[in-house]
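Structure, as C-alpha cells:
The values are calculated or read from the model by the stated rules, or taken from the named source; none is laboratory data. Predicted model only: the values in this text are computed from it and were never measured. Positions of Cβ are backbone-derived with ideal geometry, glycine not excepted, and every protein chain shown enters the neighbour counts.
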Amino acid sequence: MTAPIAASRPPETAALRPDPVALPRDPGGPANLIGMPRDALARALAGAGVPAGQLRMRAGQIWHWLYVRGAGDFAEMTNLAKPLRARLAECFRLDRPRVVTRQISADGTRKYLMRIDGGHEVETVYIPDEDRGTLCISSQVGCTLTCSFCHTGTQRLVRNLTAAEIVGQILVARDDLQDWGHRPDGRRRITNIVLMGMGEPLYNFEAVRDAMRIAMDGEGISLSRRRITLSTSGVVPMIARAGEEIGCLLAISLHATTDEVRDRLVPINRKWNIAQLIEACRSYPRLSNAERITFEYVMLKGVNDSDEDARRLVRLIAGIPAKINLIPFNPWPGAPYQRSDWDRIEAFAEIVNRAGYASPVRTPRGEDIMAACGQLKSASGRTRRSRPGQVS
C-alpha cells in the first residue's frame with residue numbers, strides 16, 4: 001500500500017483577484033447568465049429583445065463563449081454585433097466566484113478559497129495525477145450533516161450554492177490552470193469532477209443537477225457523465241433521482257458497518273439507516289460492472305477498522321457492482337479521531353480484496369495545505385456571525 005506523500009517543500013500561497021468586499025446582489029438586478037440551463041438562457045435573451053428567429057443561434061454563440069472559450073466579459077464575444085453586446089451588458093452579468101487565495105501543496109494539489117455573493121467563501125481543490133486531473137467542488141457553504149470525522153461538518157450550514165457558483169468553480173480553476181482551448185500537449189488539465197467538497201450535494205439537488213448538465217454538455221465543458229462522481233452521505237430519497245436526472249457515477253460516504261457506529265460518525269444515518277441506504281444503491285440507475293458505485297470508508301483507529309468490520313462490509317454490499325475506497329483519516333485541529341495504522345489498513349484491504357472487490361487506499365493529497373478529504377472548511381460561518389444584523 002502507498003504511504004502518504006511527504007512534503008518536500010513548503011506550500012505556496014498566492015492571493016488572486018482580491019475582493020475584500022463582496023456585497024449581496026440586488027435580487028432585482030441583472031441576471032447572471034453563467035449557470036443558466038440552455039432553455040433559460042434562450043428565455044432570458046428573448047426578454048432582452050433578441051428576435052425569436054435568432055434565439056437559438058445567439059444562445060449557442062454565448063454558450064460557446066462561456067464554456068468553450070471561457071469569456072468573462074461580453075466585449076470578448078466578437079462574433080456578436082457591438083449593439084447586441086452593449087445590450088447584453090446592460091441586461092445581464094457574467095459573475096464567477098473570485099479567488100481570495102490559492103495554495104499549492106508539495107504534491108501539486110491546489111486549493112482555492114473562493115468568495116461568492118454575500119461575502120461567503122467556499123473551497124475548491126484540484127488534484128493532478130499522471131493520467132487525470134480531478135477537480136473537487138463544493139455545493140454548499142458549510143454543511144448541515146455534522147459528520148464527526150469531517151472538518152467541514154464543524155462549520156454550520158450558511159446557504160446552498162447557486163448553479164452559477166457551482167459551475168463558476170470549474171471556470172475559475174480552468175482559468176488558473178490555463179485549461180481553455182487546445183493545449184500544446186493536447187491534454188485537458190481538468191478531466192474529472194467530484195462533488196466531494198463542502199456540503200451535501202443531494203441537499204442542493206436542482207442547482208447541482210443544472211451545473212452538472214452544463215459540465216456534461218457536448219457543446220460546452222464537455223465532460224463525460226462517467227467522469228463526474230457525486231458523493232452523498234446518504235440522502236436516500238434523492239439517490240434514484242440523481243441517477244435519472246444527472247446520470248453521473250455515485251459515491252457513498254459509508255464509513256461504518258453497523259448502525260450504532262454510523263449513527264455517531266454520520267448522523268444522517270439516524271434518518272436513513274444502512275439497510276435503507278444499501279437498498280437505494282442496489283436500485284441506482286445504470287448500475288453495472290462498468291459503472292460501479294464507490295463506497296468511501298474513512299479509516300479511524302479503533303473505531304471502524306477491525307477485521308470484523310471488513311467482513312461485515314463485504315457482506316453488506318454483496319451483489320452490488322462496487323469498489324471500496326479506503327481513506328486514511330486526514331487530521332484537522334481538534335479532531336477527535338486518529339488515522340488507522342498502516343498495517344491495519346492493509347489488513348482491512350486484504351480482506352476486501354479477497355472477497356473480489358477493488359479496495360484502493362487513497363493516498364492523502366494536499367495535507368500540508370489542509371486540502372485532503374474531510375479537511376475543507378471556510379471562514380464564512382465566523383465571518384457571517386461577526387457582521388451584526390446579517391442572517392443566513
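Yes or no, residue by residue, for (1) under 18 Å from residue 286 (Cβ atoms); (2) surrounded by 18 or more Cβ atoms within 10 Å (Cβ to Cβ); (3) in contact (Cβ under 8 Å) with a residue 40 or more places away in the chain; (4) not polar (S, T, N, Q):
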residue: 187; (1), (2), (3), (4): no, no, no, yes
residue: 192; (1), (2), (3), (4): yes, yes, yes, no
residue: 196; (1), (2), (3), (4): no, yes, yes, yes
residue: 213; (1), (2), (3), (4): yes, yes, yes, yes
residue: 219; (1), (2), (3), (4): no, no, yes, yes
residue: 230; (1), (2), (3), (4): yes, yes, no, yes
residue: 233; (1), (2), (3), (4): no, yes, yes, no
Filter result (among the aliphatic types (A, V, I, L, M) and more than 19 Å from residue 284 (Cβ to Cβ)) within region 198-211
198, 207, 211
For region 109-129, how many residues meet the condition of being outside any loop (DSSP other than H, G, I, E, B), touching a helix residue (DSSP H, G or I) at 6+ places or on another chain (Cβ under 8 Å) and of a type outside the set (A, V, I, L, M, F, W, C)?
8
Elements of type strands (runs of 3 or more DSSP E) in region 170-261, at least 1 residues being in contact with a Phe, Trp or Tyr (Cβ under 6 Å, 6 or more places away or on another chain):
249-253
So which of 144, 162 is of a type outside the set (A, V, I, L, M, F, W, C), within 12 Å of residue 204 (Cβ to Cβ), at pLDDT 95 or above and surrounded by fewer than 24 Cβ atoms within 10 Å (Cβ to Cβ)?
162
Taking first residues from region 334-356 that are in the same structural domain as residue 257 (by TED's automatic domain parsing) and second residues anywhere that are among the polar types (S, T, N, Q) and assigned to a loop (DSSP other than H, G, I, E, B), the pairs with Cβ under 7 Å that are 6 or more apart or on different chains are 336/148; 349/359; 352/359; 353/359
Among (1) free of Cβ contacts under 8 Å to residues at least 24 places away in the same chain; (2) basic (Lys, Arg); (3) within 24 Å of residue 303 (Cα to Cα), which single condition is residue 264 missing?
(1)
Give the residues of region 73-108 that are buried (at least 16 other Cβ atoms within 10 Å of the Cβ), in a loop (DSSP other than H, G, I, E, B) and modelled with pLDDT of 95 or more, sorted by residue number.
77, 80, 94, 95, 96, 97
Looking at 331, 364, can you tell me which residue is outside any helix (DSSP H, G or I) and either modelled with pLDDT of 65 or more or not assigned by TED's automatic domain parsing to the domain that holds residue 302 (or both)?
331
Evaluate region 130-149: report whether one residue or more is within 26 Å of residue 336 (Cα to Cα), over 18 Å from the mean Cα position of the chain (by Cα) and in contact (Cβ under 8 Å) with a residue 40 or more places away in the chain.
yes
